[in-house]
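K.L.:
Can you read through this structure? Questions will come right after.
Nothing in this text is a laboratory measurement; each read-out follows from the coordinates by a stated rule. Just so you know, these numbers come straight off a predicted model, no measurement behind them. With ideal geometry, Cβ positions are generated from the backbone for all residues, glycine too; neighbour counts draw on all protein chains shown.
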Amino acid sequence: MLAMILAAGRGERMRPLTDHTPKPLLQAGGKPLIVWHIERLVRAGITDLVINHAHLGIQIEQALGDGSQFGAHIRYSDEGTALETAGGITFALHLLGEQPFAVVNGDVYCDYDFTHLPHRAAELATSTDTAHLMLVNNPEHNLKGDFGLHDGRIIDTPPKLTFSGIGLYKPELFTGIVRGSKAPLAPLLREQIALSRVSGERHRGVWVDVGTPQRLQELDQQLRSH
């Protein structure tokens, strides 16, 4: 199966760190955030990767190359100007094939076991669902959460958990978006949730949305102390 790592965000809240370095290349525990994902995906046998970029994107290509240093095969989707999550996925659909694929936010750190993904993707392929989301406990900066979870189904009622930025999607979910246009993911998901076409699970391990310099520093200390 294929996986896409989202790396096109500007990282405004991470400035001044992101003025000269794209957010996914910021380091924690001695390696770039995006490299933690790549290594975990490769260990899970998911080696065919697509990475989108915009802000300072050439640095990402220079740092990661074709992926062979990690045992992966990386292709890039250069958006020029960031197209938001659903817009970015749509722009890269021609690289992602016709089967369900995984998408991982490049600016989170998570110890979710990616070896589960191929099995979940196979289940998604044979169901009427269009997406499968990983939810996590609400961090202090998102106490209201994003989506509810009941019996393996994503619902839009409380109590709500936080969307981890890790999910599986069918290509058809994005057919209504014009390639090259900006489009957020949340409205698409809410539409599908209302139709009861989104499954989900809860990850109870480590998850950090590395959205501020302070959180990056805390994660760095946490990883170095292990």
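K.L.:
Tell me which of ALA63, GLY145, TYR76 sits at the most positive position along the dipole axis of segment 2-225, charges placed on C-beta atoms (Lys, Arg +1; Asp, Glu -1).
P.N.:
The Cα lying farthest towards the positive end belongs to GLY145.
K.L.:
If you don't mind, there's one more thing I want to ask. So for segment 2-225: antiparallel DSSP bridges make up what percent, rounded to the nearest 5? Write out the running numbers ahead of the final one.
P.N.:
Details: 19 of 41 bridges.
In segment 2-225, approximately 45 percent of DSSP beta bridges are antiparallel ones.
K.L.:
How charged is the neighbourhood of ALA72? Take every other residue with its Cβ under 13 Å from the Cβ of ALA72, and add Lys/Arg as +1 and Asp/Glu as -1.
P.N.:
It works out to a net charge of 0.
K.L.:
Here is a further query. What is the order of HIS116, HIS94, fewest Cβ neighbours within 10 Å to most? Walk me through the intermediate numbers first.
P.N.:
On the way: HIS116 14, HIS94 11.
Ordered from fewest to most neighbouring Cβ atoms within 10 Å, HIS116, HIS94 come out as HIS94, HIS116.
K.L.:
No solvent, one uniform scatterer per C-alpha: report log10 I(q)/I(0) for the chain via the Debye equation at q = 0.09, 0.10 1/Å, two decimals.
P.N.:
Taking Cα atoms of the chain as identical point scatterers yields -0.33, -0.42.
K.L.:
Related question: Hey, what's the per residue convex hull volume over the C-alpha atoms of segment 1-65, in cubic angstrom? Don't skip to the end; give the middle numbers.
P.N.:
Numbers: hull volume 5.4 nm³, N = 65.
So the per-residue Cα hull volume is 84 Å³.
K.L.:
Now for a different question. Where does the charge balance sit around ILE51 when Lys and Arg score +1, Asp and Glu -1, over other residues with C-beta under 15 Å from its C-beta?
P.N.:
Details: positive: LYS23, ARG40, ARG75; negative: GLU39, ASP48, GLU61, ASP66, ASP78, GLU79, ASP107.
Once positives and negatives cancel, what remains is -4.
K.L.:
Here's a follow-up. Sketch the reach of a paramagnetic label on LEU17 as a point 7 Å from Cα along Cα-to-Cβ, and name the residues of segment 74-115 whose backbone nitrogen lies under 19 Å away.
P.N.:
105-111
K.L.:
Mind checking which lysines have their Cα closer than 20 Å to the Cα of LYS170? Skip sequence neighbours fewer than 8 apart in that chain.
P.N.:
LYS182
K.L.:
What is the diffusion coefficient of segment 1-120 in µm²/s, taking the Kirkwood radius over Cα pairs and the Stokes-Einstein relation at 20 °C with a viscosity of 1.002 mPa s? Please report the intermediate quantities before stating the final value.
P.N.:
On the way: Rh = 14.3 Å.
The estimated diffusion coefficient comes to 150 µm²/s.
K.L.:
Right, something else. Using just the helices of the chain, give the 222 nm mean residue ellipticity in deg cm²/dmol: DSSP H runs with n ≥ 4 each add -39,500 (n - 2.57), and the total is spread over all residues, rounded to 500.
P.N.:
Working: 7 runs with 62 residues, N = 226.
Only helices count here, giving -7500 deg cm²/dmol.
K.L.:
Might you report the magnitude of the Cβ-based charge dipole of segment 1-69 about its Cα centre, with Lys and Arg at +1 and Asp and Glu at -1, to the nearest 20 debye? Don't skip to the end; give the middle numbers.
P.N.:
Values: 7 positive and 6 negative charges, 58 e Å.
Around 280 debye, computed over segment 1-69.
K.L.:
Around GLY180, under 13 Å between beta carbons, what's the net of Lys plus Arg minus Asp minus Glu among the other residues?
P.N.:
Values: positive: ARG179, LYS182; negative: ASP78, GLU79, GLU84.
Every neighbour counted, the sum reads -1.
K.L.:
Then there's this: About the Cα centre, and with charges only on the beta carbon of Lys, Arg (+1) and Asp, Glu (-1), how big is the dipole of segment 2-225? Nearest 20 debye, please.
P.N.:
Numbers: 21 positive and 25 negative charges, 53 e Å.
Around 260 debye, computed over segment 2-225.
K.L.:
Taking the dipole about the Cα centre of segment 136-226, with the C-beta of Lys and Arg at +1 and of Asp and Glu at -1, give me whichever of SER225, ILE193, PHE163 is farthest to the positive side.
P.N.:
ILE193
K.L.:
Suppose a student asked you for the relative contact order of the chain, using Cα pairs under 8 Å spaced at least 6 residues apart; what percent would you report?
P.N.:
On the way: 461 pairs, mean separation 57.8, N = 226.
Worked out over the chain, it gives 26 percent.
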